[in-house]
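So the structure is just underneath, and the comments pick up after that.
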Amino acid sequence: MKLVVVGGVAAGASTAARARRLDETAEIVVFERGHHVSFANCGLPYHVGEVISERSRLLLQTPESLRESLNIDVRIATEVVSIDRKAKTVSVKEVDTGREYTESYDKLALCMGAEAVRPPLPGIDHPAVEVLRRIGDMDKIKTRLDAAIAAQKAGRRGVVTAVVVGAGYIGLEMAENLHHRGVRVDVVELAPQILPPVDADIAAPVERHLRMRGINVHLSTAAAAFQPLADSDGDNRVSVELNSGTVLKADLVILAAGVKPAVELVKAAGIELGERGGIKVDTHMQTSDPDIYAAGDAVETGHPVLPGEYLAPLAGPANRQARVAAENICGRDTEYRSTQGTSIVKVFDMVAGGTGATKRQLDAAGIEYRVIHVHPSGHAGYYPGTAMMHIKLLFSPKDGTIYGAQVCGFDGVDKRIDVFAMAIRAGLTVFDLESQELAYAPPFGSAKDPVNMAGFVAANTIRGDFALWYAEEWPLADGTRLVDVRTPEEYGIHHLPGAENVPLADFREAVKGWTDKDQPIRLYCAVGFRSYLAHRILVQNGFTDVKTLSGGSTTYGHVHDNPAEGYEAQPPMENYAEKVSVASAVAAATGQTTDLDCTGLACPGPIMRLSSAMKAANAGDEIRVTVSDPGFALDGPAWASKNGHTLVSMDPKGPGFVATFRKGGVGPVPAGGGNGGNKLSMVVFSGDLDKQIAAFIIANGALAMGQEVSLFFTFWGLNALRRTDPPKRDKSMMDKMFGMMMPQGAEKLTLSQMHMAGAGTAMIKNVMKKHDVQSLPELITNAQDGGARLLGCTMTMDLLGMAQSDLIEGVELAGVATFLGEAQESGTTLFI
């Protein structure tokens, strides 16, 4: 038998090698149009980034080594230009010499792979615009990059810049490796998310990690044209025009916008193609011609979950297809059933990937499914070096058959994807995941492995132990009660709009006062566990319409910070750092720094420990905290702003950050600094009508004179800001008593002297009206319209059982540090 193989990289080299192992007498010829054979194309970006320093390590085999070890005739730089199926010959052309000849075959294996997409854009042939598919591409990219970096080091030019078009696996690997070389990188992606192979809620935390490492990301954006950029140093740079109107200047452009199957040779030979433009093959990897087989990126194969055939340009499937093709060529009966698309990518310190069907694919196929999200740690939280991972599991709502799984995180992501991949291949269900016995020791996993946890949650939904609602369902229907069961500290940093805070610790007692057991109740916490416990409490107390947010506020943030295509962007979690605009009383640094190790702690652990450490510190002291929770990048600054502290620095480290916070306090007012006499601040302590009127007359007068005004309401003074018709909410008995004892709003305040059972208060209001003096509610409205800040003391609110919903619109929540910051900048401070 004479076997001719077209293509000498993954599938081609594997076909030839397996055929030789099965048939020592066969004549095997491999044609490869490139100058290298059997190279590690998945490693190319890492040599550009000099992570793999030696180029030779990417060259797995050479024509000489394949001849010596396997007696295979490998001819590089030789392109097959046509196939004569009737004569069973191929016409070939030597790339370097132009010589042409024909070669006969008994069996032909087509392993041409795929070609990088190069859209017909103006200027795309500029020498700075490259693709990365082969060793030669890598060499050109690295040569250009090395020259630009050398010019920068010699002082002949500024920052080296690059644009990567496409945010798939190759694009992000290139972005990371260019960044390692000190290049400023912009990534341009046509889709509304990075990593199109996974769903948007899994891609979102990876995008956040990418941006925090200094990569600029342009989503829902395409490159429109490339123009020469003539620099004085003659570096022949290029400008990249985006369809958004943005223009990026670059030393180098990497096109990583996808690949298409290399099938021109196949089409010309009349071999049948599939619906997606790839080569149509049966389970034996046989084409429509019984003497021609195909394997690799150019073929279409079935899917274990989805109907139809698909293209899957991945190295693993290419090698397995090649093995099946070779075995059938050599007379065996071996089948290749399907490709489920198991894949993974490293993006700086983060890892992401998936297996099986995605949500988008299941929707397109019309397959009914259910989704759960869990956020466990990669290994035991008390052992150093772990962080939260995000798991999305898709499965049948009827019998729990697993359809797909996606994971992103920092440690242990690969092995969880592999377990899910095996489960899909074996046709297992979520009930099987519950019982899997997986390796455990603190450095490697947990006694309840993340795979088990996904199984527990998914199985519970099928059994009816609890019901889920999803971030995509926001906003909720009118009349729905939204309950946040996290701690008050977590709620204070951010929460879903309209949510009431009923901490899990108080939940059992609180629900005793909930009388409407048929009202829709939607629960959430940070990741879904505490709200699950609250869910069980409610349903076992007779509540009929209860659901828990899948994945908690963590998944909500992934969905609505990066809305997927087809979803309308919804409000993000309310963040006090933005909504309340709390002023920080900046203290002079004392030089005292305390280190705090919060690695391994998930939210709210780092915030709780930081808060405790800050209470023990003095104004101006700094706390340097190390965290492994990626969410701290949002929570930390919000907490600091809300509590009047200063974020000094936040630097990425591994999965998390090293952040330094300075405790707020009163610092010296610089000479001539601040607003000087152009700012007035007041502490309004009294709840007496006459004193409140005086405070607001002074405030409105100061505003009329062009001064800035802030009024800090504490204790009884807060009663002037209470609403007369606050929304109903559950209160403790003590809170109800305070509510009944205190006046409800400005209209209910009384005089400090001569109240006379109400007669004196009514008399003074009437006199004010006759003399055209505004009432207290009108004075308050005028002050707000004039720009006065009304600050409600959060400590007092906690003591008196008040919530923000009890106060009039526009009141900001603040602590004493906020007032001190205002007072520091004021020329005058009054106490009323």
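The values are calculated or read from the model by the stated rules, or taken from the named source; none is laboratory data. Fair warning: this is a prediction, and the values are worked out from it, not measured in the lab. Counting neighbours? That spans all protein chains shown, and the Cβs are built from the backbone with ideal geometry, glycine included.
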* To do: Could you check G498 against (1) farther than 26 Å from A640 by Cβ; (2) without any contact (Cβ under 8 Å) to a residue 40 or more places away in the chain; (3) in contact with a strand residue (DSSP E or B) (Cβ under 6 Å, 6 or more places away or on another chain) and say which number it fails?
  => (1)
* **D772 being under 30 Å from T515 (Cα atoms) and either loosely packed, with under 13 Cβ neighbours inside 10 Å or out of contact with any Leu (no Cβ under 7 Å at 6 or more places or on another chain) (or both)** => no
* In the set L145, L210, L190, L172, which member is within 20 Å of P119 (Cα to Cα) and part of a helix (DSSP H, G or I)? -> L172
* Quick check: anything in segment 101-118 loosely packed, with under 13 Cβ neighbours inside 10 Å and outside the structural domain of S56 (by TED's automatic domain parsing)? -> no
* Structure fact -> Scanning segment 484-504 residue by residue, those crowded, with 21+ Cβ neighbours inside 10 Å and either of a type in the set (D, E, K, R) or touching a Ser or Thr at 6+ places or on another chain (Cβ under 8 Å) (or both) turn out to be D484, V485, R486, E490, H494, L496
* To do: Kindly provide the set of residues from segment 539-554 that are modelled with pLDDT of 95 or more and crowded, with 22+ Cβ neighbours inside 10 Å, ordered by number.
  => V546, T548, L549, S550, G551, G552
* Close pairs (7 angstrom Cβ cut-off, 6 or more residues apart or separate chains): of a type in the set (D, E) in segment 735-749, part of a loop (DSSP other than H, G, I, E, B) anywhere -> D735/G801; E747/T724
* To do: Sort through L711, L703, L751 and tell me the only one that's of a type in the set (A, V, I, L, M) and part of a loop (DSSP other than H, G, I, E, B).
  => L751
* **Breaking point among (1) more than 17 Å from V266 (Cβ to Cβ); (2) not in a loop (DSSP other than H, G, I, E, B), for G155** => (2)
* Asked: Here are some residues: A762, A783. Which one is surrounded by fewer than 20 Cβ atoms within 10 Å (Cβ to Cβ), hydrophobic (A, V, I, L, M, F, W, C) and at pLDDT 80 or above?
  -> A762
* To do: Within segment 33-91, work out how many residues are part of a strand (DSSP E or B), in contact with a strand residue (DSSP E or B) (Cβ under 7 Å, 6 or more places away or on another chain) and modelled with pLDDT of 95 or more.
  => 13
* To do: Only strands (runs of 3 or more DSSP E) wholly contained in segment 337-413 count here; list those with 1 or more residues that are outside the structural domain of V559 (by TED's automatic domain parsing) and farther than 21 Å from E472 by Cβ.
  => 343-347, 350-356, 402-409
* **Verdict on A526 being buried (at least 18 other Cβ atoms within 10 Å of the Cβ), under 29 Å from P376 (Cβ atoms), without any contact (Cβ under 8 Å) to a residue 60 or more places away in the chain and not charged (D, E, K, R)** => no
* In segment 213-231, residue farthest from A175 (Cα to Cα) [restricted to those that are part of a loop (DSSP other than H, G, I, E, B) and not hydrophobic (A, V, I, L, M, F, W, C)] -> D231
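Results for (1) without any contact (Cβ under 8 Å) to a residue 40 or more places away in the chain; (2) crowded, with 24+ Cβ neighbours inside 10 Å; (3) in contact with a Pro (Cβ under 6 Å, 6 or more places away or on another chain), shown as yes or no for each residue.
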site: E368; (1), (2), (3): yes, no, no
site: H373; (1), (2), (3): no, yes, no
site: P376; (1), (2), (3): no, yes, yes
site: A380; (1), (2), (3): no, no, yes
site: Y383; (1), (2), (3): no, no, yes
site: M389; (1), (2), (3): no, yes, no
site: I402; (1), (2), (3): no, yes, no
site: Q406; (1), (2), (3): no, yes, no
* Asked: How many residues does segment 105-142 contain that are in a loop (DSSP other than H, G, I, E, B), of a type outside the set (A, V, I, L, M) and over 30 Å from D291 (Cβ atoms)?
  -> 8
